[in-house]
Amino acid sequence: MSDTKDSGDKTRASGKTLSLKRSEPGVVRQSFSHGRSKQVVVEVKRGPRSAPKAGAGAATGKAAAPKAAAPAATPAVPEKKPAAPLKPATAPKAGGMVLRTLTDEERDARGKALIDARVREEEERREAVEEAKRRAERDAVEKAEREASEARKKEEDSRRQHDEERKKKAEQEARKRFGEDPTAARPGAPRVIVADEEEESRPRRPGAKAPAPARPQRIGEAKQRGRLTLTNALSSGEERQRSTASFRRRTQRITGHRDEPKEKVAREIVVPETITIQELASRMAERSVDVVKLLMKQGQMKLVTDLIDADTAQLIAEELGHTVKRVAASDVVEGLFDAPDPEGSLKPRPPVVTIMGHVDHGKTSLLDAIRSANVVAGEAGGITQHIGAYQVTAPSGAKITFIDTPGHAAFTAMRARGAKVTDIVVLVVAADDGVKPQTVEAIQHAKAAKVPMIVAINKIDKPDAKPERVRTELLQHEVQVETMGGDVLEVEVSATKKMNLDKLLEQIGLQAEILELKANPDRPAEGTVIEAKLDKGRGTVATVLVQRGTLNVGDIVLAGAEWGRVRALVSDKGEQLKSAGPSTPVEILGFNGAPEAGDRLAAVESEARAREIADYRRNERRDRQAAKSSTVRGSLEQMMSQLKAAGAAEFPLVIKGDAQGSVEAISGALEKLGTDEVKARVLLTGVGGITESDVTLAASSNAAIIGFNVRAHKEAAAAAEKAGVEIRYYNIIYDLVDDVKAAMSGLLAPELRETMLGNAEILEVFNVSKVGKIAGCRVTDGRVERGANVRLIRDKVVIHEGKLSTLKRFKDDANSVVAGQECGMSFENYQDMRKGDVIECYRVESIARAL
């Protein structure tokens, strides 16, 4: 038996070595399209085998023993004994010995470490609880969001299903409406695949050979399943149908593109004073054609680019169902002036007194006596040609603001401005001259301004002074003084002797107390421009009377179409001021241009607002001038007057002055000189010196240049001399008006005056060869002169007017023939003379006319 075993062992040992095989290799042939194939090695893995039996292990011998023992040894690894330091028997003893050898510091440190460990464990436990709570809250929120998302998804699915059902119903109704069979095949409709075709069109197993007839269909089927997209995945297995858009397009083609009426939207339209039709249609969101049609129905033929007024635009917008909000360009100046003041903010202010009266009645001299200054010496010709504003202190200590106005007839506008800004008018009347035209005009201005009046009878120191005469003449103009039983105060004064000036100031103060003049100084300044001029070295200087608020250096001010920042404030005494309160006259430096006298001044908050208002006023002024210069068709009388004015001769002028008020007065005086035959045409007025542009304008218009208290620049004078433009300088308005009047008189057609010379009677008519007809006449009265004008009268009717060409006496030429003598006469270019006709001889004289 032992031999047999040994031989068996040897036989097994001589074969392959026994081992545990984990995998068995295999080969598989893989087929591809187009007849290609490939061999692939496939490894098949199997699970672990169970442990061999005891008998089998003994039969394997010593060679198999190590192999079989290896798996059995692996479960014994976890049963290793713990290390020696972890023995429970020795650990307590070693620990007891250590505690006995610890020092106090070590024990304290260990105790602190244990306390810290407990605190840390407590914090970790608390943080874990909080984390769990936060996790639970987060889970609850996520759960709510998930439920909401599922609800939205369900709602979306139901809505989509409802839309599909509605679409299918609409298509079915459409097919029924157009008489189509839903089951009938339509050209171009998708082919429904039956079960057999579907079975044949299924893709075959790779590598399998398809029958020859089915090969084209297999190729086509392979093309259809080339790419898997979302559209193919959703539409797989469904019948292809026409889309809603395609059906809508077909319906529109059949019904003729009838659009559904849109709902009308009513809008609020902002309409300015004028607007184009295109802009109006754009604001209403309407077609311009519809707006033009509405205008055509109203009888107006307009283009889309034409302007219409606000009333027409409102009618159109309301007819189309819109509401209109009217705005005007003048809205930019709203709130600029006359803002109400709080009741407790008003404080007393000095009175503003204007001195008015006839020229040379002593207005400026009276003011000089009050101010102790000499203004008259600075005025050319001894007459005031500028309006001035001054502030004086009365003996009582109260301040009074005086405004001096010119008395000449040309300065009516200046006096009107002075009356508008004043509180009290002092009417100066010379005791030796009485009431004059400008005195009456000053009374009218004071009554129009509704301000109280004080009569100052001046020049009472003269021997021929008659104050009672002045009082009596004032009664004719409804001015009744106190001495005559009226309520108008009166004071007899003398400017040269300085008599009763304190009494005049006392009367002014008394009148101011009665008026209770107050203003609010704590607000933006408002005032009036008294005068404006261009000063060399300082630029534009405007004399302003502050009426409300306080004007400070650095404020942005606006007056008319000009604005600027206040660079300096100068008082009437030449002192620099930081601010100016109510009733204070000051000179302002800093305007961009010279404002017009009489413009209202206001302090604004920003440059942008000042520029906006100035641009609006500038455009408004330009439109007014354009409308004034354009010819407007009106009534028959207006057309006749325009034709008469068109035929009148014009005297073109360019006027430059030192102050705006003076230029305005000159322009007004020259306009009054015009007649139906000749008139002055002022091309340009301005403040400042004469420039080259003024000379160029005058040269192109054949105009003369007038400089009032100004001179031409060096370059302008050279250009004027080269162009032949006449420049005349004046400093007295009398001389200027007289010279212009004389020049305009030269443009008038001369007056023709006839002077009767005599009469002659034709006795016989002779025909003379190479000469014509000669009338043999006898002079009945007067005399007949050769070259004089003649009239041929037949039967008391004038049949010819001409000139006497030939006058002879006894075959000799004669210059004149007196009465009672006979002579021969012939006419120029006239031969129809008969016996018995009467010849009337006269001379025409031309006489120059004057305005």
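The values are calculated or read from the model by the stated rules, or taken from the named source; none is laboratory data. Owing to the predicted nature of the structure, the values given are computational and were not obtained by experimental measurement. Here the Cβ is made from the backbone with ideal geometry for all residues, glycine too, and neighbour counts use every protein chain on show. Surface accessibility is based on the protein's heavy atoms, side chains included, excluding ligands, DNA and RNA. Shrake-Rupley method; radii C 1.70, N 1.55, O 1.52, S 1.80 Å.
For region 803-851, carbon and sulfur atoms together expose 43% of the accessible surface, with a 1.4 angstrom probe and every protein chain in place. Measuring r between the beta carbons of Ser693 and Val270 and using R0 = 35 Å, the FRET efficiency lands at 0.30. Counting 0.36 nm for each residue step from Glu106 to Phe32 and taking away their Cα separation leaves a gain of 18.5 nm.
Residue ranges 138-145, 354-361 sort as 354-361, 138-145 when ordered by packing (mean number of other C-beta atoms within 10 Å per residue, highest first).
Once you have the Cα-Cα distance between Lys143 and Val332, take 0.36 nm times their residue separation minus that, and quote the gain in nm to one decimal. Residue separation times 0.36 nm, minus the Cα-Cα distance, leaves 61.9 nm.
Once you have a ≥ b ≥ c as the square roots of the Cα gyration tensor eigenvalues for region 526-604, tell me rounded if a/c is under 1.5, and otherwise prolate or oblate according to whether a/b is larger than b/c. Because its axes are fairly even, with a/c under 1.5, region 526-604 counts as rounded. Using heavy atoms of the protein chains and a probe of 1.4 Å, the accessible area assigned to Lys679 is about 70 Å².
Ligands, DNA and RNA left out, the 1.4 Å accessible surface of region 417-471 is 51% carbon and sulfur atoms. Summary of the geometry: region 525-546 and region 726-761, compared by the centres of their Cα atoms, lie 40 Å apart.
Accessible surface for region 474-558, divided over its residues, is 48 Å² per residue with a 1.4 Å probe.
Asp108 contributes about 90 Å² of solvent-accessible surface, heavy atoms of the protein only, 1.4 Å probe. Using R0 = 25 Å, the C-beta based FRET efficiency linking Glu516 and Ser579 works out to 0.55. Normalised per residue, the accessible area of region 290-361 is 56 Å², obtained with a 1.4 Å probe and no contribution from ligands, DNA or RNA. Farthest towards the positive end of the charge dipole of region 443-543, among the residues Ala532, Gly509, Ala446, is the Cα of Ala532, using unit charges on the Cβ of Lys, Arg, Asp and Glu. Could you tell me which of Phe591, Asn619, Ala602 has its Cα farthest along the dipole of region 584-627 towards the positive end, charges placed at Cβ (Lys, Arg +1; Asp, Glu -1), taken about the Cα centre? It is Asn619, whose Cα lies furthest towards the positive end. Before I look further, what does region 697-851 give for accessible area per residue, probe 1.4 Å, in whole square angstrom? Counting only protein heavy atoms, the per-residue value for region 697-851 is 59 Å². Label sites at Leu315 and Lys811, each approximated as a point 7 angstrom past Cα along Cα to Cβ, lie 9.1 nm apart. Highest mean packing first, where packing is the average number of other Cβ atoms within 10 Å per residue, the peptides 559-568, 463-472, 122-131, 665-674 line up as 559-568, 665-674, 463-472, 122-131. Counting only protein heavy atoms and using a 1.4 Å probe, the accessible area of Phe247 comes to about 60 Å². On the beta carbon distance between Tyr616 and Met296, with R0 = 45 Å, the FRET formula returns roughly 0.85. Measuring between alpha carbons in the structure, the pairs from Lys363/Lys436; Lys447/Lys533; Lys399/Lys498; Lys656/Lys722; Lys462/Lys503 lying more than 25 angstrom apart are Lys447/Lys533.
Counting only Cβ charges, +1 for Lys and Arg and -1 for Asp and Glu, the dipole size of region 793-851 around its Cα centre is about 40 debye. In this simple spin-label model, placing a label point 7 Å from the Cα along the Cα-to-Cβ direction at both Glu482 and Leu307 gives a separation of 5.9 nm.
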